Each structure stands twice: as C-alpha cells, then as structure tokens.
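What follows is a set of notes on a single structure, which appears directly below.
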Amino acid sequence: MSKDAYTLTGPDGKSTTLPVHKGTLGPDVIDIGKLYKEQGVFTFDPGYVATGSCKSDITFIDGDEGVLLYRGIPIEQLAQNSNFIEVAYLLLYGELPNKPQLDAFDTSIRTHTMLNEGMLRFFNGFRYDAHPMAMLSAVVGSMSAYYHDTMDVNDPGTHDIFTHRILAKLPTIAAAAHKLTAGQPFVYPRNDLNYTENLLHMFFAVPAETYQINKIAAQALDLLFILHADHEQNCSTSTVRMAGSSGANPYSAIAAGIAALWGPAHGGANEAVLRMLEEIGDARNIPKFVARAKDKSDSFRLMGFGHRVYKNFDPRATIIREMCHKVLAQMGRTDTPMFDLALALEEIALKDEYFIEKNLYPNVDFYSGIIYKALGIPTSMFTVMFAIGRTVGWVAHWREMITDPALRISRPRQLYTGPVQRNYVHLNKR
Ligand code: ACO
C-alpha cells in the first residue's frame, strides 16, 4: 500500500516526516529535501539507482513491464503510425500537432538546415581521422558562439528558435563530419526533402553523380530516430539538465549531452556492438566470448546487452529487430553474416543462466548498428545517428527544466572519504 509520508527517526530519537509525491504513473517518490536540515545526514545513491532528480511530464518507462510512453503514447503506436517530426513536436510541445501546426513546425525545421559558413570552416581544423562524436560535440558547442546574443534562457520567446535551429542543423553538422572522414566535398542541405531524406542526401550524395534517395533507408532512419528520441533521465539527458541548470547557453548544454552519449555504456554501445561482432567474427567463437562476459576478472561485457531500467525486455529492441529484418531483406542483404552472428549471439545469451538471472536482454543498440551498417553508414558514425534522434529529447528536457519555477542549480552532495584536515608541508620538508 502506498503511503503519504515516511517518518525517519535518527539515532538521537528526533523524527523527520518525509512527504511522498505521487506521479501519474510509476512508483511513489519520497521527498528527502529537508533530511539534511533536520537530521544532518545526506542520502547516498551513486549512479542514481533509486533517486529521482526532477519531475517530468515527458516520458515514462516501466522497466519491469517493458513500457515506454512519450507524453503518454506507447512507443509501439508512434513507431507504427507517426514520423520523427511529428514525434519531435509531441515531445517538445506535449500534444500531437494538428495539420497546420505540423506543417508550420516541419517548414521551420526545413528552413533552418544551413550552417553559417564560418562554422563549416571548423571542419578544416580537424584531422581526417577525428572521431565524428568529437566533431559533433565541438561544433554544436560552437553554436553558442554564433547564437549567444539571440538566446536568453530566461525568455521563453527565444526557446523555439533555439529548438528549431538545433534540430535542423544537427544532421548538417553530422553529415559534414562524415564527409570529412570520407574525404568528400561537403553537400549542402536540400529543404525540399524530409528530415531523414535530407540526411541521406547530405551523407551520400557526391557532385559527380545524381543521388537517388532510398525510401527504405529513409524509413528505417525515421524509425530509429523515433525510438531514440527520448528516454527520460538517462545519462546524457541528465547531463544536459545539469549543465543547463546553471543557466548555461543551451547549445553548450546539448554539446555536454553529446559528450555523455559518446561513452560505450550509453550511446556508444551501438558502435561497440559492431566492433564486438567483428571481434567475435564467427558463431563458433560465441561461447568463448560469453564465457568472458561472465568472468568477473575480465572487463569484457556483451555490448548491447543489459539496461539500467529495462529488466524484462527493451520495447525499442522488439520494434527495431523487426525493422532490422526488413532493411536487410529489402536492401538485398539477407545473407549478412554480421546479422546471422548477432542472432546466434542473441540466442545463446538469452538461454544462458547468467544472463537470465541478471535480466540481461538485448537493448535497442544491439540491433541499431546492424541497420546502420546495412545502410552504408560507417561504424564511427553510429553514435552520431543516435545523437541526431536524441537531440529532441535533450531539448524537450532543457525546455521543461528551464521554465520550471522550482528550478534550482543541480548540485549533488557526496560522501567524503579523503584525508581528514592536515597541515601543509613545505617542499623542502617532503
Ligand atoms: N555483459 C555481461 N555482464 C553484464 C552486462 C553485460 N552487457 N551488463 C551487466 N552485466 C552484469 C554486471 O557485471 C553486474 O553483475 P554483478 O551483479 O554480478 O556485479 C550486473 O549485470 C548488473 O550490471 P550493472 O553494471 O550493475 O548494471 P547497470 O544498470 O549499472 O548498467 C549497463 C547498465 C551500463 C547498460 C550495462 O548493462 C552494460 O554495461 N551493458 C553493455 C553496454 C550497453 O549495451 N549499453 C547500452 C545501454 S542502452 C543505451 O544507452 C541506449
């Protein structure tokens, strides 16, 4: 039975009543805000395993049941019926748009796709082998230099232009990073194309020939962007909120989110999955790698398996798995050894006692990399694709946070375990 309050009694017998907040869905939340003031203690929860950092209306996850809702709407319904631009509107503004709202939003995104030419010149400064996530983070951060004057975090009137610019320009920046790596000339955006078609055009068109947009590729990317669009208080979103809570320029806050996403425990997992499959090489080697993943003295983990929140299945993985088959079939790549290897690994791991006991299931990134690879997107660009989809989630959270009247700068406390106070020792005495 859920309670309205918890009472915590300290060793000195003094009691503090901790109110309980009830969300519309999900477990109740104990408000510990006055604990330090009244009891002189902090709580300790590294990795925020049982700690809510904010209130949010945007996304709900039930990890035990494998439920993911954007503004209340199940991800399966959005994947089936919607498109990325409509989902972006839903996440940002809270409701599905009507036709004029959707058209206006879509037009605005399509007409902010170009980069300032100065920004393009940044790419000349990167080495040809610079990781695209490093370039993405750096160039998005530099947008704060271009748009600082027009951005007042305290003026909600400036929030839409920031939102539309960042959504529109991220694919252009990503494509520029790809072209640098590929040694090809930068391709300017085409505003007559939709979001994912334009991305494919900027990625794959070359001046020497006409580029035909592959409709299945555009559809697959659109689906991937929907699935990646938001995931409540994950590492990168929490980073954006934390950086933004100081009132920092939001382009810089998004750049911080990109940096957080890059790590292999988060968005970098899609790249890591492909590299792991390459390393495994052959289905006969799978038992050896599964054994390594189970060995506590070995740091190797099965990339694309496990999730902090989903302990049953990742609903995004179920949707994407189907798309994975469709893409491979329609692009004539049914005999992809990589996909066969992935399926064999999935099967073996799902039957393994260790993975069952620890509730380790394939997550969304187990499959996304295989799709990207089938579309011809280089492995080092996989996490960049994730970032393009996730940007709308970051922006939605930044907007929610910055307009919350109860906003306070994020400032966790710590359990100090260093030396107690001691005196400075002069160099000649050390
Ligand atoms: N392979 C082998 N063992 C694993 C794996 C894995 N992929 N994931 C977790 N475990 C084990 C851990 O060793 C630990 O075992 P123990 O209890 O005996 O110590 C137990 O399962 C719990 O793992 P934690 O690391 O404590 O779980 P946490 O919630 O902190 O981490 C994470 C979740 C980071 C996703 C983890 O499962 C992982 O590293 N997975 C591989 C990377 C990956 O796929 N990341 C993508 C996440 S989805 C996304 O960001 C879109």
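Here are the numbers for the structure shown:
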| read-out | value |
| --- | --- |
| Selection status of Val327, near the ligand (Cβ under 9 Å from one of its atoms), assigned to a helix (DSSP H, G or I) and closer than 30 Å to Ile166 by Cα | no |
| Of all residues making up segment 150-183, the number that are at pLDDT 95 or above and polar (S, T, N, Q) | 2 |
| Residues that are within 8 Å of the chain's Cα centre (by Cα), within 17 Å of Leu92 (Cβ to Cβ) and not in a helix (DSSP H, G or I), drawn from segment 216-237 | Ala229, Asp230, His231 |
| Whichever residue in segment 235-247 is without any contact (Cβ under 8 Å) to a residue 40 or more places away in the chain and out of contact with any Gly (no Cβ under 6 Å at 6 or more places or on another chain) and, among such residues, is farthest from the ligand (Cβ to nearest atom) | Ala243 |
| Number of positions in segment 224-272 that are closer than 21 Å to Pro315 by Cα and at pLDDT 95 or above | 15 |
| Helices (runs of 4 or more DSSP H) wholly inside segment 330-389 that include at least 1 residues being closer than 29 Å to Ala138 by Cβ | 364-374 |
| Any helices (runs of 4 or more DSSP H) falling wholly within segment 248-322 and containing at least 1 residues that are in contact with a Ser or Thr (Cβ under 7 Å, 6 or more places away or on another chain), more than 8 Å from the ligand (Cβ to nearest atom) and within 17 Å of Thr383 (Cβ to Cβ) | 250-262, 269-280 |
| Condition met for Ile213 (over 16 Å from the mean Cα position of the chain (by Cα), surrounded by fewer than 22 Cβ atoms within 10 Å (Cβ to Cβ), more than 25 Å from Asn359 (Cβ to Cβ) and in contact (Cβ under 8 Å) with a residue 12 or more places away in the chain) | yes |
| Some residue of segment 206-213 being over 19 Å from Tyr70 (Cβ atoms), modelled with pLDDT of 95 or more and within 16 Å of the ligand (Cβ to nearest atom) | no |
| Residues satisfying the stated conditions in segment 390-430, i.e. part of a loop (DSSP other than H, G, I, E, B) and crowded, with 21+ Cβ neighbours inside 10 Å | none |
| Positions within segment 6-16 being surrounded by 12 or more Cβ atoms within 10 Å (Cβ to Cβ) and under 30 Å from Ser56 (Cβ atoms), in sequence order | Tyr6, Leu8, Thr16 |
| Test: residue in segment 25-47 that is farther than 22 Å from Ala406 by Cα, touching a Gly at 6+ places or on another chain (Cβ under 7 Å) and of a type outside the set (Ser, Thr, Tyr) | yes |
| Selected residue (only one of Arg241, Arg190 is assigned to a loop (DSSP other than H, G, I, E, B), farther than 19 Å from His131 by Cα and not polar (S, T, N, Q)) | Arg190 |
| Tabulated pairs, segment 293-305, first in contact (Cβ under 8 Å) with a residue 24 or more places away in the chain and under 14 Å from Tyr361 (Cα atoms), second of a type in the set (S, T, N, Q) and within 9 Å of the ligand (Cβ to nearest atom), C-beta under 9 angstrom, 6+ apart or interchain | Met303/Asn270; Gly304/Asn270; Gly304/Asn363; Gly304/Ser368; Phe305/Asn363 |
| Candidates Ala291, Ala283, Ala344, Ala349 - the one that is surrounded by 19 or more Cβ atoms within 10 Å (Cβ to Cβ) and either at pLDDT 90 or above or over 30 Å from His164 (Cα atoms) (or both) | Ala349 |
| Subset tally (residues that are modelled with pLDDT of 90 or more, within 18 Å of Gln184 (Cα to Cα) and exposed (fewer than 15 other Cβ atoms within 10 Å of the Cβ)) for segment 115-129 | 6 |
| All positions within segment 217-232 that are of a type in the set (Asp, Glu) and either within 12 Å of the ligand (Cβ to nearest atom) or at positive phi (or both) | Asp230, Glu232 |
| Members of segment 152-184 that are in a loop (DSSP other than H, G, I, E, B) and over 27 Å from Ala130 (Cβ atoms) | Asp152, Val153, Asn154, Asp155 |
| All helices (runs of 4 or more DSSP H) inside segment 32-110 with 1 or more residues being within 16 Å of the ligand (Cβ to nearest atom) | 75-81 |
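The values are calculated or read from the model by the stated rules, or taken from the named source; none is laboratory data. Here the structure is a predicted model, which means the values were calculated and not measured. We place every Cβ from the backbone using ideal geometry, glycine too, and count neighbours over all the protein chains shown.
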